[in-house]
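Here's the structure, in structure tokens; my notes come after.
The values are calculated or read from the model by the stated rules, or taken from the named source; none is laboratory data. What you are looking at is a predicted structure, and each value in this text was computed from that prediction instead of being measured. All Cβ positions, glycine included, derive from the backbone under ideal geometry; neighbour counts span all protein chains shown. Ligands, DNA and RNA are excluded from the accessible area calculation, which covers all protein heavy atoms including side chains. Shrake-Rupley method; radii C 1.70, N 1.55, O 1.52, S 1.80 Å.
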Amino acid sequence: MLKYILKRIGGGVVTLFIVITLSFFMMRLAPGGPFSKDRAYPPEILRNIEAKYHLDKPLLVQYGIYLERVIFHFDLGPSTRYADRSVNELIASGFEYSARIGLGALIFSVFVGLCAGLIAALNHNKFLDYFPMSISMIGVSMPDFVLANILMLVFALQLGWLPVAGIDSFSGYILPSATLGLIFASSIARLTRGGMLEILGQDFVRTARAKGLSQRTILWRHTLKGGLVPVVSYLGPAIASMMTGSLIVEKVFNIPGLGRFFVDSATNRDYTLAMGSVIVFAVLIIALNIFVDCVYGLLDPRVTYD
Amino acid sequence: MNMLFSLTFALLSALPPAQTSKDEFVFNNRGEPESIDPHFATGVPDNSVIAQIFQGLMARKADWATLVPGDAESYKISKDLKTYTFKIRKGLKWSDGTPLTAKDYEYSWLRVLRPETLSNYSYWLTDNVVGALAYQEKPTPENAAKVGIKAIDNETFVVTLNKPVPYFLHLTAETILAPVKKEVVEKWGSQWTRPENIVSNGPYKLSSWKVQDRIVMDKNPLFHDAANVKLQRVVALPIEDRQTGVNMYQQGKLDWSGHNGAPNSLVPAFKANPDFRIFPGFISYYYLFNTKRPPLDNPKVREAMVLTIDRDELVKQVTRGGEIGYGALVPPHTGTYGGAQGLPSKDFKADVAKAKKLLAEAGFPEGKGFRTLNLLYNTDENHKKVALALSQMWKKNLGITVAPFNQEWKVYLKSQNAKDFDLSRQGWQGDYPDPATFLELFQSKSGNNHTGWASAEYDKKFQETNNMPAGKARDAKLKEVEELLLKDAPIAPIFIYTNFGFLRPEVVGFEENSIDRPYVRYFSKK
């Protein structure tokens, strides 16, 4: 197992390096730069700005400087857009909020998704299958900005239970977490149902039933672990998405999270912030996928780490 | 989507609004400031914050256009209009209690010029102040000594211009020429603007800055006019989503929802709400013609296209944000200017008839033989609507085809700089309340003139207005300059933007200023 984890971490480092390299050069291929503005900089000022950010150097040299800074100093550089801030600082500040909302969304989506999926699977082709699956289909296909506005309308504006936006208190996290969570809950419900139906149709389940085991025992002891394998593999990248924030949810609820930086930095050609966001996202995806692959073994006895 | 907005608004109207605190002003700042270093910052959110925590030699009333003494209690202008002597108030203090003197201004204005400050607006000094350009190009102590920026003593600050600049006092009231404290800037470097480091001289001081969340500014008891600053706290929220601005206002979390606070299409419905304010902005919206490309190199073609834009129809039916359809560049409410006469008359039918004739004279009767023109705009739903509407107008009135295409913002800027377009959208917000802030754009050597149009006569006449004292004669001359531009038509003016939003009725002292920058020091609450 340890050998497997070390091997995966080694692979992850290589993947991360490739992601950084590709992202670095792809960002530079995009037309326009961080300092192209509608109010043009005087040429001599532009030259100085470019020198400050090393943009006057050949691309390969810039790449070397960037790698050296990231690898040896854990420094993601200064933001070219938010001149008073470093990328480390921006990401740390945004990640704090995105992670809190992501954690809320994770708990919400796993709870709602698993419950709905299990109910549907255990009531295959009955009303309690069709109903949660229809709702989850709506959840999967509904754009997040519509969902966010509907929740805001109902719970903040009509019922007045929650704040419309901002995160002054704990209640401020509920609507954004629920919005984000509902989107993922729909997929989790469908995956849970699919996984459970597949397991419930297996011979060993029939044998268990024939032995006279109760439905509850069959579910908890024999089928749940195996039925959840597809959900677990989905959760790896899903948790990374939840934790790194959603642009729409953050804009609608005015959350100072990471999602805004991720998208805005690309459109603003804030090279360092965009690269920083990519690195955070890539590290999370890689780490969570390794974690998920390790969890497989606990859930499914057929999985070995040789 | 509009239905959703309407439903929200209907529900909101029924809610009893909670209140922000009685001694604070909370406003939507539209976005996160990129910087609050007054010498570097350029954005609207940046300047709305800087205007609360810094003050220049001159200051502004809440209407933005009216100047009042700031750190300078008085000033004298020499007979040749080239030397300004400012008398700095006695006993002025920075927010850390140390004295603020004319020497701070000398340091600060030289800092604007130094290349490492990366000031986009340093041209305000390099264009106008003796020796400033040489110092920027070679910032040596010898060149610094030759710059016309001098602290004679602690209370006397003298600026020597290389020409009379009639709007110079307005520049001294803008954030770019505010003072910064040398010791703080040099000690903390790029981190000097952090709440824990910053020292400022305005009516408020920075207390906390949570990125993308809020900026909190508390009253500066050492501000020279602190006795008249009523509200204890200003909070700027970086709300980018338009609906969120409205929602937060109605839930009592904002005192001013700001320009982003309402979707354009609902402006007619919002007008019935007594809290809703709508007023002319200081942004002109126009199309650029690439005058280097045939057939747009022919002024008759350009004039024909300018004449066949039905501006009233456009703002009523298409943009619907209360914009003011306008056939000239400089907003008519700019200072005492009053506005120039553009090409369009009040009789649109007559204009269309004239345009058809012009197009025929240019060799394209009823649009025959006219190639398809492309029209570049940056990706945005409202710009798209305008582009499609104007294309239809030109098709209908002139029989010519204009094909709009969009590009993402940075790509659009690159195309515009490379003049890779036939027509291109542009919007321009003035920096100071004088027509020069718009008219300087179309000088031959301006880095912001993307039309390819160059007129020695325009350049000469425009420069002449800079040698005249402010007043009627200069306004008349400026109109001549603008009309020269409009007659040659390298641009097609379309409309002037409006500012709008919801203002809490308890707020007293708020004035509708055209750049929508709140000057909270004048506000109070009932």
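Only a single item in (1) free of Cβ contacts under 8 Å to residues at least 24 places away in the same chain; (2) within 14 Å of another protein chain (Cβ to nearest Cβ) is not met by B:Gly430, and it is number (1). Residue by residue through segment A:1-35, note down the ones that are open to solvent by less than 70 Å² (accessible area, probe 1.4 Å), in contact (Cβ under 8 Å) with a residue 40 or more places away in the chain and not in a helix (DSSP H, G or I). Hits for segment A:1-35 are A:Ala30, A:Gly32, A:Gly33, A:Pro34, A:Phe35. Candidates in segment A:179-205 are the residues that are of a type in the set (Val, Ile, Thr) and closer than 15 Å to A:Met243 by Cα; of these, the one that is surrounded by the fewest Cβ atoms within 10 Å (Cβ to Cβ) is A:Ile183. Could you go through segment B:286-296 and let me know if any residue there is of a type in the set (Phe, Trp, Tyr), within 31 Å of the chain's Cα centre (by Cα) and farther than 16 Å from B:Lys487 by Cβ. Checked against the condition, which is being of a type in the set (Phe, Trp, Tyr), within 31 Å of the chain's Cα centre (by Cα) and farther than 16 Å from B:Lys487 by Cβ, segment B:286-296 yields at least one hit.
Restricted to segment B:448-488, and to residues that are open to solvent by 50 Å² or more (accessible area, probe 1.4 Å) and outside any helix (DSSP H, G or I), which residue is nearest to the other protein chains (Cβ to nearest Cβ)? Walk me through how you get there before you give the answer.
First, the residues of segment B:448-488 that are open to solvent by 50 Å² or more (accessible area, probe 1.4 Å): B:454, B:456-457, B:460, B:463-464, B:467, B:469-470, B:472-473, B:476, B:479-480, B:483, B:487-488.
From what is left, the residues that are outside any helix (DSSP H, G or I) are B:454, B:467, B:469-470.
Numbers: B:Ala454: 17, B:Asn467: 23, B:Pro469: 28, B:Ala470: 24 Å.
Ranking the candidates gives B:Ala454 first.
Being under 22 Å from the mean Cα position of the chain (by Cα) and closer than 22 Å to B:Glu381 by Cα is the filter here, so list the residues in segment B:268-285 that pass it. Within segment B:268-285, B:Ile278, B:Pro280, B:Gly281, B:Phe282, B:Ile283, B:Ser284, B:Tyr285 qualify.
Only residues that are over 27 Å from B:Leu503 (Cβ atoms), open to solvent by less than 10 Å² (accessible area, probe 1.4 Å) and part of a loop (DSSP other than H, G, I, E, B): list them for segment B:278-323, please. Result: B:Asn290, B:Leu296, B:Thr308, B:Ile309. So A:Leu76 fits all but one of (1) in a helix (DSSP H, G or I); (2) in contact (Cβ under 8 Å) with a residue 60 or more places away in the chain; (3) of a type in the set (A, V, I, L, M); (4) buried (at least 17 other Cβ atoms within 10 Å of the Cβ); what number is the exception? The failed condition is (1).
For segment B:248-255, the count of residues that are open to solvent by 30 Å² or more (accessible area, probe 1.4 Å) and hydrophobic (A, V, I, L, M, F, W, C) is zero. Of all residues in segment A:226-243, none are within 14 Å of chain B (Cβ to nearest Cβ) and out of contact with any strand residue (DSSP E or B) (no Cβ under 7 Å at 6 or more places or on another chain).
Which members of segment A:36-55 meet the condition of being in a loop (DSSP other than H, G, I, E, B) and more than 18 Å from B:Asn449 (Cα to Cα)? Spell out how you get there, then give the answer.
Just the residues of segment A:36-55 that are in a loop (DSSP other than H, G, I, E, B), to begin with: A:36-42, A:53-55.
A:Tyr53, A:His54, A:Leu55 - these are the residues of segment A:36-55 that are in a loop (DSSP other than H, G, I, E, B) and more than 18 Å from B:Asn449 (Cα to Cα).
Within segment B:176-198, track down each residue that is in a loop (DSSP other than H, G, I, E, B) and open to solvent by 10 Å² or more (accessible area, probe 1.4 Å). Don't jump to the end; show me each part of the working.
Within segment B:176-198, the first condition is being in a loop (DSSP other than H, G, I, E, B), and the residues that meet it are B:178-181, B:192-198.
Within segment B:176-198, B:Lys181, B:Arg194, B:Pro195, B:Glu196, B:Asn197, B:Ile198 qualify.
Matching residues to (1) more than 14 Å from chain A (Cβ to nearest Cβ); (2) surrounded by fewer than 20 Cβ atoms within 10 Å (Cβ to Cβ); (3) touching a Leu at 6+ places or on another chain (Cβ under 8 Å); (4) not in a strand (DSSP E or B):
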{"position": "B:Gln55", "(1), (2), (3), (4)": "yes, no, no, yes"}
{"position": "B:Phe86", "(1), (2), (3), (4)": "yes, no, yes, no"}
{"position": "B:Ser95", "(1), (2), (3), (4)": "yes, no, yes, yes"}
{"position": "B:Lys103", "(1), (2), (3), (4)": "yes, yes, no, yes"}
{"position": "B:Val112", "(1), (2), (3), (4)": "no, no, yes, yes"}
{"position": "B:Tyr135", "(1), (2), (3), (4)": "no, no, yes, yes"}
{"position": "B:Glu142", "(1), (2), (3), (4)": "yes, yes, no, yes"}
{"position": "B:Ile152", "(1), (2), (3), (4)": "yes, yes, no, no"}
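Only one of the numbered conditions (1) touching a residue at least 60 places away in the same chain (Cβ under 8 Å); (2) within 14 Å of another protein chain (Cβ to nearest Cβ) is not met by A:Ser86, and that is (1).
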